[in-house]
Amino acid sequence: MINIDLSDQYARTLFQKCDKSADGRLDHEEIEVFCRELLRRPELDAVFIRYSANGCVLSTVDLRDFLKDQGEDASVTHAQSLILTYELNAWAQKNQFMTPNGFTMYMLSKENCVFDPEHARVYQDMSRPLAHYFISSSHNTYLTKDQLTGDSSTEPYIRALKHGCRCVELDCWDGDKGEPVIYHGHTLTSKVPFVEVIQTINDYAFKASPYPLILSLENHCSVEQQTVMARHLRTILGDKLLTKPPDGLDPHKLPSPEDLKGKILVKGKKEQVVGGCSSSSSDLSCSDEEAKPSSKKEEKKPAVCKLSPELSDLVVYTCSVPFRSFEQAARCPATDMSSFSESEALRHAKDSGIM
């Protein structure tokens with residue numbers, strides 16, 4: 001399909017203009033005119049007229065002059081090859097002329113694409129640690145419309161993954177009959193079963209890219225339904241799900257995207273203590289008391305764990321933790337990560353003297 005965005009009114013007007021027989025249908029010749037008008041670019045017509053010696057066609061010399069003015073090392077021979085490639089009119093091609101249609105075909109071809117075709121594939125070095133990269137991420141991936149009343153669906157996951165997104169979000173809540181659901185909590189958005197989303201992710205995770213996919217879990221589920229989530233992740237994703245550091249890699253260092261090709265990572269809270277740093281977030285995985293400063297006289301109460309061990313075990317390299325200071329972060333494992341709003345990140349940077 002030619003995939004042109006146009007209004008119904010413009011399409012109807014153009015149809016009527018091309019329907020010379022006024023019978024409500026376009027014959028072969030009328031369809032050709034319709035498509036030509038649909039693809040017509042007035043700005044290209046103006047360039048064509050400027051370089052055409054007679055205003056009707058471009059000779060090989062005219063085309064060569066145009067190419068030279070664009071900074072190309074052009075010759076008449078090169079102009080002839082372009083006419084043979086892009087000119088559709090048999091008479092013009094035989095006589096080495098380029099018509100307005102041929103010129104439009106050439107100008108809209110890949111030869112004139114501003115995008116470097118070498119960049120259509122991943123050309124960067126993908127062997128550095130995961131934290132060295134910007135990651136194409138999706139927020140509230142499940143929503144089809146607004147955040148208050150929109151529908152939740154698997155379709156946005158398909159769309160995001162087909163566009164190469166490498167981090168999708170799953171807002172998980174307790175659902176009926178022991179099955180967790182995904183939706184924008186405390187709103188009127190509809191709910192989609194967690195298991196359906198994971199099945200969709202399994203089908204489309206690597207359609208557009210072989211590099212690792214991160215599932216960012218915003219976990220509001222009970223321990224029981226977290227265990228159900230873990231079971232679905234293991235059962236549906238199978239070997240794609242990263243459950244331990246790849247063999248031969250240092251478990252204390254972040255692997256590269258190249259190391260994790262074809263793998264799906266779970267980003268979430270994890271119950272573990274490494275070097276005095278807890279990588280369990282106080283806001284979701286344990287009680288809020290853990291995050292509140294207590295006086296010296298106050299007896300320290302043990303944190304009430306809200307994490308399912310089965311789900312916690314699936315968090316390998318992307319452990320969500322609260323950020324307290326850059327000094328503390330420097331002492332924590334490379335696998336720990338924190339989320340910020342732009343304003344909060346700016347405040348931390350100013351408070352630390354970085355800015």
Any idea which of 322, 309 is under 32 Å from the mean Cα position of the chain (by Cα) and at pLDDT 95 or above?
309
Answer yes if at least one residue in the stretch 157-165 is more than 14 Å from the chain's Cα centre (by Cα), modelled with pLDDT of 95 or more and not in a loop (DSSP other than H, G, I, E, B), and no otherwise.
no
When you check residue 146 against the structure, is it charged (D, E, K, R) and loosely packed, with under 14 Cβ neighbours inside 10 Å, yes or no?
yes
If you go through the stretch 38-72, how many residues are part of a loop (DSSP other than H, G, I, E, B), surrounded by fewer than 18 Cβ atoms within 10 Å (Cβ to Cβ) and over 38 Å from the mean Cα position of the chain (by Cα)?
4
Any residue that is under 28 Å from residue 4 (Cα atoms) and touching a residue at least 40 places away in the same chain (Cβ under 8 Å) - is there at least one of those in the stretch 65-84?
no
Please work out if residue 156 is buried (at least 21 other Cβ atoms within 10 Å of the Cβ) and free of Cβ contacts under 8 Å to residues at least 24 places away in the same chain.
yes
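The values are calculated or read from the model by the stated rules, or taken from the named source; none is laboratory data. Worth saying up front: this structure is predicted, and the values here are computed from it rather than measured. Neighbour counts are summed over all protein chains in view; Cβ atoms, including those assigned to glycine, are modelled from backbone coordinates with ideal geometry.
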